[in-house]
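Working notes, structure below.
Bear in mind these aren't lab numbers, they're just calculated from the coordinates by the rules spelled out. Computed from a predicted structure; not experimentally measured. No Cβ is skipped: glycine too gets one built from the backbone with ideal geometry, and neighbour counts run over all protein chains shown.
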Amino acid sequence: MSTPNLPKNTTAFYAQAGISFAIALVTLLFAILYLPVDPWIRAFLAVSTLFLTTSSFTLAKCVRDAQESTSVASRLDQARVDKLLAEHDPFRAVS
């Protein structure tokens, strides 16, 4: 039984996503540093940026995990693993 052809992202797509994320984060941090406000406002914006960034990564991981768990290929693989585990007897003598 063959697995279906799933769409794959290219290396260029990953590079573009990483570069665009880095540029957005650096420009936001630059704007926070040179904003003409009190230091406590800068600190609040910096902490907010950190929280937003980590939350974005967490959300992306959750969406990816949910998508992978519903795919047919992963369900078939999980069924195969479950079958192997059910048939495995650790106390069986090796002949």
Which of the following residues is surrounded by 10 or more Cβ atoms within 10 Å (Cβ to Cβ) and either in contact with a strand residue (DSSP E or B) (Cβ under 9 Å, 6 or more places away or on another chain) or of a type outside the set (S, T, N, Q) (or both): LEU84, LEU35? LEU35
Give me the pairs, please: first residue somewhere in the stretch 60-85 and touching a residue at least 24 places away in the same chain (Cβ under 8 Å), second residue anywhere and of a type in the set (Val, Ile, Thr), beta-carbon distance under 6 Å, and either six or more positions apart or on two chains. ALA73/THR3
Given (1) closer than 20 Å to ALA17 by Cβ; (2) exposed (fewer than 10 other Cβ atoms within 10 Å of the Cβ), LYS61 misses just (2)
Check whether at least one residue in the stretch 5-26 is touching a residue at least 12 places away in the same chain (Cβ under 8 Å), surrounded by 11 or more Cβ atoms within 10 Å (Cβ to Cβ) and touching a helix residue (DSSP H, G or I) at 6+ places or on another chain (Cβ under 7 Å), and report yes or no. yes
